[in-house]
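Have a look at the structure below, then the notes.
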Amino acid sequence: MTLDAIPQKTRALVVSVETSGNGGLRLMEMGIIPGASLHVVKSAPLGDPIEISLRGSHLAVRRAEARAIHVMLCEE
C-alpha cells in the first residue's frame, strides 16, 4: 500500500521508498526512511498535498511523491 491511499488520522510504518530520481532521495533526506513511523494528519481541500506527522515534525507531501512511499498500516 502507498501513502497516498491511506485515510486521514491513520498511523503507518514506512516499508520502502522508491528512490528513482531526486524526489525519492529528497523524501529520505526529510526522514521518510524504512522503519519510520508516521501518520496522516489531513489532506488539502482538493486532495493535494497531504500533511503527515513524522518524528515530531509536520511535512507536506504531494500525492505524486506519496505514491513512492510504501507503507504498512499500524494497529492502534
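Give me the number: length gained by fully extending Arg67 to Met28, i.e. 0.36 nm times residue separation minus the C-alpha to C-alpha distance, one decimal in nm. Show your work: numbers first, answer last.
Numbers: separation 39, 0.36 × 39 = 14.04 nm, distance 1.39 nm.
Gain on stretching Arg67 to Met28: 12.7 nm.
Quick one: dipole size for the chain, taken about the Cα centre, charges +1 on Lys/Arg Cβ and -1 on Asp/Glu Cβ, in debye to the nearest 20.
Values: 8 positive and 8 negative charges, 23 e Å.
It works out to roughly 100 debye.
What percentage of all Cα-Cα pairs in the range 1-43 are separated by more than 15 Å?
44
Positive end of the charge dipole of the chain (Lys, Arg +1 and Asp, Glu -1 on Cβ, about the Cα centre): tell me which of Ile33, Leu59, Met72 has its Cα farthest that way.
Leu59
In Å, what Rg and Dmax follow from the Cα atoms of the range 3-73?
10.8, 29
At a 10 Å Cβ-Cβ cut-off, how would you order Ile33, Ile69, fewest neighbours first?
Numbers: Ile33 13, Ile69 27.
If I rank by nearby Cβ atoms, fewest first, I get Ile33, Ile69.
Values in this text are rule-based calculations from the coordinates and carry no lab data. Because the structure is a prediction, the values reported are computed rather than measured. When we count neighbours, we look across all protein chains shown, and the Cβ atoms used for this are built from the backbone with ideal geometry, even at glycine.
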